[in-house]
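**Student:** I have a structure I would like to understand better, so I am pasting it below and will then ask my questions one at a time.
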Amino acid sequence: MSRFSGRVVIVTGAARGIGAGTAQRFASEGASVAVLDLDESAASTTARGLGAERAIGLACDVADAAAVESAVERVVAELGRVDVLVNNAGITRDNLLFKMTEHDWDMVVDVHLKGAFLMSRAAQKHMVAAKHGKILNLSSVSALGNRGQANYSAAKMGVQGLTRTLALELGPFGINVNAIAPGFIVTDMTDATAVRLKMEPEQLRQLNADAAPVRRVGQPEDIAAAAAFLCSDEASFITGQTLYVDGGAKI
Ligand code: NAP
């Protein structure tokens, strides 16, 4: 399959986890891929491992407007265009409301929500000029509410509002904007949650698997498969949607 031959895909926060899995999927379907992450050497290592015809790794803090502008310009200079943007970069700073600091609120909202805004604003210029593009935002089942995640939950529901609004604004220019809301996916992020809850990662995975109708937790490949579909030409009549990829766990 080469649904993305000749296409250029940017994935943020793609040095590891869901972002790396998604970058891998696009590369395997023929895309040139730009791996953006905080650490340039981690991003470059992941980019080299994708086996893509063309892949680059760039340092970019998605919450920093100047860094975002220059990263997107470098992608266009080096890979020629931007067809797909996956806003995946993310962090957690969990705490109950009465213990949550203003700093932890700001950091989480800045990376997830402002980051998606800044990256989308920078990428859409090129997509609008080409009259073609796909933007995919990572939300979460936590958007529906999750104890200890007031900052993350608010940011992830904000991402859904951003998705619908960008779909309205950019649809006339041939750009589809959708979101995926993953359930529990095995990554460093969920392993860190286990540590915070004083559990072994495997124990937390089992608890989440037991709670899911499909009786398993997700892997980055589960999100990557949905991402590739939503960013493909086959999904050109789908926009403004949030697809829950959660094994039915939110039911
Ligand atoms: P992860 O394993 O922690 O990876 C996140 C990546 O984002 C890391 O490489 C991290 O870099 C990078 N990053 C953090 N802040 C950044 C910034 N300001 N600019 C650029 N890159 C940044 O997380 P994940 O589990 O793959 O999650 C990916 C996305 O899916 C996130 O948006 C997350 O909220 C969402 N999600 C995950 C789950 C899940 O169960 N795992 C569920 C729902 C939604 P460093 O390594 O340098 O920190």
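**Student:** Tell me, Ser32, Ser140 in order of fewest to most beta-carbon neighbours within 10 Å?
**Tutor:** By the 10 Å Cβ count, ascending: Ser32, Ser140.
**Student:** Ranking Val109, Val217, Val186 by Cβ neighbours within 10 Å, fewest first, what do you get?
**Tutor:** Least crowded to most crowded, the residues run Val109, Val186, Val217.
**Student:** Pull up the cross-link candidates among the aspartates and glutamates for Lys131, meaning alpha carbon to alpha carbon under 16 Å and not fewer than 8 places away within one chain.
**Tutor:** Asp83, Glu169, Asp233
**Student:** Evaluate the Debye formula for the chain with equal point scatterers sitting on the alpha carbons, no solvent, and hand back log10 of I(q)/I(0) at q = 0.09, 0.10, 0.14 Å⁻¹, in q order, two decimals.
**Tutor:** -0.35, -0.44, -0.88
**Student:** Looking only at Ile56, Ile238, Ile175, which one moves most when the chain is put into a Gaussian network model with springs between Cα atoms under 10 Å?
**Tutor:** Ile238
**Student:** Still on this structure, I have one more. Take the Cα atoms of the range 180-251, find their three principal axes, and give me the spread along each one in whole Å, biggest first.
**Tutor:** If we take the Cα atoms of the range 180-251, the spans are 44, 23, 18 Å.
**Student:** Would you mind working out the magnitude of the charge dipole of the range 15-67 relative to its Cα centre, with +1 at each Lys and Arg C-beta and -1 at each Asp and Glu C-beta, to the nearest 20 Debye?
**Tutor:** Here the range 15-67 has a charge dipole of around 240 debye.
**Student:** Which value, to two decimals, describes the C-alpha radius of gyration of the range 102-251 once divided by 2.2 N^0.38 Å?
**Tutor:** 1.10
**Student:** Could you work out, for the range 122-170, what percent of all Cα-Cα pairs fall into each 10 Å distance bin, beginning at 0 Å and stopping at the bin that holds the largest distance?
**Tutor:** Result, from short to long distances: 25, 40, 23, 10, 1 percent.
**Student:** Taking N as the number of residues in the range 209-251, what value does Rg over Cα atoms divided by 2.2 N^0.38 Å take?
**Tutor:** Compared with the compact-globule rule of thumb, the range 209-251 sits at 1.32.
**Student:** Among Ser139, Ser120, Ser236, whose mean-square fluctuation peaks in a Gaussian network model of the chain (Cα, cutoff 10 Å)?
**Tutor:** Among Ser139, Ser120, Ser236, the largest mean-square fluctuation in the Gaussian network model of the chain belongs to Ser236.
**Student:** Among the lysines, select those whose C-alpha is under 29 Å from the C-alpha of Lys250, and discard any that sit fewer than 8 residues away in the same chain.
**Tutor:** Output for Lys250: Lys99, Lys114, Lys134, Lys156, Lys198.
**Student:** Additional query: Calculate the translational D of the range 19-73 in whole µm² s⁻¹ from Stokes-Einstein, where the hydrodynamic radius comes from the Kirkwood formula applied to all Cα pairs, the temperature is 25 °C and the viscosity 0.890 mPa s.
**Tutor:** 221
**Student:** I'd like the distance between the alpha-carbon centres of the range 185-234 and the range 143-174, rounded to an integer number of Å.
**Tutor:** So the separation of the two Cα centres works out to 20 Å.
**Student:** Something else about it: For the range 76-187, take every pair of Cα atoms, bin their distances at 10 Å starting from 0, and report each bin as a whole percent.
**Tutor:** So the P(r) values, bin by bin, are 15, 42, 28, 13, 2.
**Student:** Relative to the longest principal axis of the C-alpha atoms of the chain, give the angle of the C-alpha long axis of helix 220-230, reported between 0 and 90° and rounded to the nearest 10°.
**Tutor:** 40
**Student:** Give me His112, His126, His103 ranked fewest to most by other Cβ atoms within 10 Å of their Cβ, as a rough exposure proxy.
**Tutor:** Lowest to highest Cβ neighbour count: His103, His126, His112.
Each reported figure results from applying straightforward, stated rules to the coordinates on display, with no laboratory input. Since we're looking at a predicted model, the values are computed, not measured. Quick reminder, even Gly has a Cβ in these numbers, built from the backbone with ideal geometry, and neighbours come from all protein chains shown.
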